[in-house]
Amino acid sequence: MSRSAPSALPVFISSLSKHYGAFCAVDTVSVDIAAGEFLTLLGPSGSGKTTLLMMLAGFARPSSGSVRLGDQEVVHLPPHKRNIGMVFQNYALFPHMSVGENIAYPLKLRGVGRMECGERVGKVLDLVQLGGYQDRRITQLSGGQRQRIALARAIVFEPRILLMDEPLSALDKQLRETMQIEIRRLHDRLGMTTISVTHDQREALTMSDRVAVFSRGRLAQVAAPKDLYERPVSRFIADFIGESSFLPVQKVSGGLAYGGQLLHLADAADADLPEPMLMLRPERLDVVYAGQAARDENTNMFNGTVRSVVFQGESLLFEVGLDQGDVVQVRQSNRSQCTENLPSKGERVDLLLNRFDTRIVRGEG
Amino acid sequence: MALTDTSLGHIRPPVTDAELAYNARALEKDRRRENIQLLRLALPALAIVIILMVAPIGWLFSLSFVSEGGGLSLENYSRILTEGAYISIFVTTFKVAVLVTVFCVLLGYPVSYVLAMLPDRWAQLLLLAVLVPFWTSLLVRTYAWLVLLQRRGIVNETLDALGLIERPLALVNNMTGVVIGMVHIMLPFLIMPLYASMKSIDGNFMRAAANLGSSPGHAFRHVFLPLSMPGLIAGTMMVFVMCLGFYITPSLLGGGKVQMIAQRIEQSVSLFPTWGPASALAVVLLVLTAGFLALSWLIVRRLTANQ
């Protein structure tokens, strides 16, 4: 958890809903965001994450519920009185103003004097590593530079809360990854309470203290990135965060079984979940030639045949058809001593899964 | 350094210099043939423009240098510059054009703004309302105004019945009538480009302004208005330039008291035995119009270059 700035405020969202006629875009969402926390709203398109952000900024009127910044109720405040910084998806930098005028815009509105204005614009430009760009036109900037200017404009007036709507979606993959790290670094330095919206799970995992996953207007899970990845509460989350294959398991006396074979579980309590499914992360499985590994109580073993091997650079992706008929993906990292004697298409293999990676998720949702 | 990969070695059939040279020639020939074909396609349009535009204007231009006696002279132009009657016609023309343009902006900007803010379905319906009068004949619309605005017309009768006026207002056969009629006819020419340019302003600009602390009024003045400027200038110039050459409406609603250039040209033709004076007036009008169009083009280009 990062250090919070003294001016940072906690945000309390209580039973917030937004209906469009019969359609419920956001359905009684409650979540608390600590002062200085970086929370990401993650979900497929149409899941309500952007609507929630628009309600926080004041651009969409909630049907019911409450939003508090610290101890101030803001649901009734118009957007220009909320003092919340926001980075828009397409940046919304004013094309008829220079970079400097764009950044000075919120300062002038707050009655900041000319001298101080120039000083603060200079400082924030240095912060986003675009020092000396004051006089550039917006059209002269690249996508990545526009992103930084939008960020600079959103933080220059020291808002108590920063909102970001898909801030990196317009950038190419490489730049996106650089900016993820940079935004996180900036957040650690400024300690502003930050709420970001994305549909990119890697972006959510990289930048956030906690991630709130949305599904059909409701919160499906709110957790730290690591917990979300390791302990998803449902198949929906497991599917959405990272790659996974799922195997149907049966309840038997003494736990759960797949294909008649009792599974060694990381957490025995998982056996009581409704509609249990075995979640298999491709990188947690090891593929070996059939009969080469010994069975023990810390390893679960599945038998099958390699259907295909795809070379993907840093790793090899195997598709293995299990004898029970299910298909499982396995990722083996590309290290020369390992890859040289990996099985190829059509060969019989065993898949090994450490008991501590044997996680069960709820099947529905 | 160019990267060459000829790893297929002996399977690869060799390419000779002669073959490469032949390819280069063939490609160049194709390129030339394509250009000629494109030119052939443009030829009919080009011919129409030359026959119907360039030639008549050239002829008009040459006529303007022919004096009453039939000799070559600058008499026609010097008369325009020196005779008081001509000067006052130019002044009237500009006065009408400026007034009509100002009222068009005052009425058209709010209408365009409402259209741009409405959901598409409503906007299209209202846009139709703006355009339908456009499809009826100019003459019919002008006569309709004559009926509405005359001494005992609907407007005066209504105001009288409401007790708002004691004597009928002089709404027609003067500058007022000309301006009212022309504003009505010109309004769509302002609304259309303005609406198009407002429609293209991303809603996030206004959201961003509000988010940064602008009240709706401040955001409008500092963000929306400047961004709608190119469309406003394009519409304004369109209206202004069209006003300069307007004929029917001022002659019908002006009652002979408002003389604009186009009316004077018509009179010249019937007044003088030669076409010289009328041609000279037409040339001056054309040059002025072209000048204003060039000016507006420069301004719009400067404004949009920044965006």
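Just so you know, all these numbers are worked out from the coordinates, no wet-lab data involved. Small disclaimer: the values here were computed from a predicted structure and weren't measured. When we count neighbours, we look across all protein chains shown, and the Cβ atoms used for this are built from the backbone with ideal geometry, even at glycine.
Observations, loosely collected:
- Scan of segment A:307-329 for residues that are touching a Leu at 6+ places or on another chain (Cβ under 9 Å) and surrounded by 15 or more Cβ atoms within 10 Å (Cβ to Cβ), ordered by number: A:V309, A:L316, A:F318, A:V320, A:L322, A:D326, A:V328, A:Q329
- Look at (1) exposed (fewer than 10 other Cβ atoms within 10 Å of the Cβ); (2) not in a helix (DSSP H, G or I) and you find that B:R40 fails only one, number (2).
- Residue count for segment A:80-103, restricted to those that are within 12 Å of chain B (Cβ to nearest Cβ), surrounded by fewer than 22 Cβ atoms within 10 Å (Cβ to Cβ) and either among the hydroxyl-bearing types (S, T, Y) or more than 27 Å from the chain's Cα centre (by Cα) (or both): 8
- Among the residues of segment B:208-231, just one is closer than 18 Å to A:G111 by Cβ, surrounded by fewer than 21 Cβ atoms within 10 Å (Cβ to Cβ) and facing another protein chain (nearest Cβ under 7 Å), namely B:S215.
- Residue match in segment A:268-286 (condition: farther than 26 Å from A:R235 by Cβ and not small (G, A, S)): no
- Lone unmet requirement of (1) without any contact (Cβ under 8 Å) to a residue 40 or more places away in the chain; (2) in a helix (DSSP H, G or I); (3) within 12 Å of chain B (Cβ to nearest Cβ) for A:K123: (3)
- Test result for B:V179, surrounded by 15 or more Cβ atoms within 10 Å (Cβ to Cβ), touching a residue at least 40 places away in the same chain (Cβ under 8 Å) and part of a helix (DSSP H, G or I): yes
Residue-by-condition table, conditions (1) of a type outside the set (D, E, K, R); (2) closer than 23 Å to B:G84 by Cβ; (3) part of a helix (DSSP H, G or I); (4) within 14 Å of chain A (Cβ to nearest Cβ):
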{"site": "B:I233", "(1), (2), (3), (4)": "yes, no, yes, yes"}
{"site": "B:T236", "(1), (2), (3), (4)": "yes, no, yes, no"}
{"site": "B:M242", "(1), (2), (3), (4)": "yes, no, yes, no"}
{"site": "B:T249", "(1), (2), (3), (4)": "yes, no, yes, no"}
{"site": "B:V258", "(1), (2), (3), (4)": "yes, yes, no, no"}
{"site": "B:G291", "(1), (2), (3), (4)": "yes, no, yes, no"}
{"site": "B:T304", "(1), (2), (3), (4)": "yes, no, yes, yes"}
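- Across segment B:136-149, not a single residue is classified as aromatic (F, W, Y), farther than 22 Å from B:I248 by Cα and over 19 Å from the mean Cα position of the chain (by Cα).
- Of the listed requirements (1) surrounded by fewer than 23 Cβ atoms within 10 Å (Cβ to Cβ); (2) touching a Ser or Thr at 6+ places or on another chain (Cβ under 6 Å); (3) under 20 Å from A:S234 (Cβ atoms), A:Q201 misses just one: (2).
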